[in-house]
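Asks: Sending over a structure as C-alpha cells; questions will come in a sec.
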Amino acid sequence: MFTHAITRKPGDNFARGITNSNLGTPSYELIMKQHEVYIETLRSLGLEVIVLGALQDFPDAYFVEDTAVVTPNVAIVTNLGAESRKGEEATIETVLGRYRKTVRIHAPGTVDGGDVLMVGSHFFIGISERTNKDGVGQLGRILEEHGYTWTAVPVEVGLHLRSSINYVGKNTLLITEKFAGYNEFGGYDKIVLNKAEEYAGSTLLINDCLIIPKGFPNTRKKLEPMGLDIIELDVSEVRKMDGGLTCMSLRF
Ligand code: CIR
C-alpha cells in the first residue's frame, strides 16, 4: 500500500525541458491545471502528497520519478542520465531522508527512475540512453543488500523502460507488443497495448486504482475486466515533454 507521494510543481520555463515528441508547444497554464488535478487525485486516493516548489534551473524537475527509486526498505537516489538534469537529485534526497534510509548511485553510473519497475519484491531495471550498465550494477547490488531481486532489461525503444511497461496488479503487466516478447517477462499475464495506444502504457497503479491517461478507449476496455477503479486524467501538456502519469510522482 502506498501512503505517500512526492511531487514537484512545473516551473514557468518547463517548455525548455528535453523533448523529442513533435506535439506542439505546451501551455504553462494548462500544465499547471493538469498537475493540480493530478495532485488532487492522489490525495483523493488517500495519499499524503508532498508538493515541492519548481526548480528554475531544472525545467524537467517536476518529473520527480527519475530522481529516486523508493522501496519499503531503502530509497536509492539516482544519478540522472541527462546532463541538463544532473542536480535535481539533491533536493529529493533531503525530503526522502525523512522517510527512508537513503543511498546514492555514483558516477560513472547513471540511473533514471523511469527505467525501474517494481513488482512486489522484484525490480526490472532498464538499460537505456539514460541508465547505463554501471548504474544498473550499482542499483542491483543495493537492492540485493536490502532483500530484493532484480533483472536487467534492454530498452531498445522509448525513453525509459516505464514508457513501455507498467504493472497493473494481479500479476499483470500492461506492455507494448515489442516488450511482451521478452523472456524476462515470461512469468506474468500481459495486457498488450495497441500500437496506436502505446502512450497509455504510462498507466499508474495506486493501491486499488488505475490512473490512466485520457483518450485511450481501447486500453481502458482491456483494463476494465481487472475490476480495479479507473480514473482518466488529461496529461496532454506533460506528454508534449515526453512525460506521463508515472513520471510526476514518487510513491511509497
Ligand atoms: C526528460 O527527457 O528527461 C523529460 N523531458 C521527461 C522525463 C519523463 N520521465 C519518466 O518517464 N519517468
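Asks: What tally of residues in region 55-77 results from selecting those that are without any contact (Cβ under 8 Å) to a residue 60 or more places away in the chain and surrounded by 16 or more Cβ atoms within 10 Å (Cβ to Cβ)? Quick ask: steps written out before the conclusion?
Replies: Kept after step one, since they are without any contact (Cβ under 8 Å) to a residue 60 or more places away in the chain, are these residues of region 55-77: 55-59, 61, 77.
Now restrict to residues that are surrounded by 16 or more Cβ atoms within 10 Å (Cβ to Cβ): 55, 58-59, 61, 77.
Residues meeting the conditions: 5.
Asks: In addition: Kindly establish whether Met241 is away from the ligand (no atom under 15 Å from the Cβ) and in contact (Cβ under 8 Å) with a residue 40 or more places away in the chain. Quick ask: steps written out before the conclusion?
Replies: On the way: away from the ligand (no atom under 15 Å from the Cβ): no; in contact (Cβ under 8 Å) with a residue 40 or more places away in the chain: yes.
So Met241 does not fit the description; no.
Asks: Tally time: how many residues in region 200-234 are within 11 Å of the ligand (Cβ to nearest atom) and in contact with a Gly (Cβ under 7 Å, 6 or more places away or on another chain)?
Replies: 1
Asks: Having 2 or more residues that are closer than 20 Å to Leu42 by Cβ and under 19 Å from the mean Cα position of the chain (by Cα) is the bar; report the strands (runs of 3 or more DSSP E) wholly within region 148-252 that clear it.
Replies: Counting at least 2 such residues, we get 165-167, 204-206, 209-213, 229-233.
Asks: Kindly indicate the residue of region 53-68 that is closer than 12 Å to Leu250 by Cβ and either more than 16 Å from the ligand (Cβ to nearest atom) or among the acidic types (Asp, Glu) (or both) and also nearest to the chain's Cα centre (by Cα) among those meeting that condition.
Replies: That would be Glu65.
Asks: While we're looking at this one, here's another question. Among the candidates Leu143, Leu161, single out the residue that is within 12 Å of the ligand (Cβ to nearest atom), crowded, with 17+ Cβ neighbours inside 10 Å and not polar (S, T, N, Q).
Replies: After applying the criteria, what remains is Leu161.
Asks: Quick test of your reading of the structure: Leu47 fulfils all but one of (1) closer than 22 Å to Gly158 by Cβ; (2) modelled with pLDDT of 95 or more. Name the failing condition by number.
Replies: (1)
The values are calculated or read from the model by the stated rules, or taken from the named source; none is laboratory data. As the structure is a prediction and not an experimental result, all values here were calculated from the model. So basically every Cβ, Gly included, is an ideal-geometry build from the backbone, and we count neighbours across all protein chains shown.
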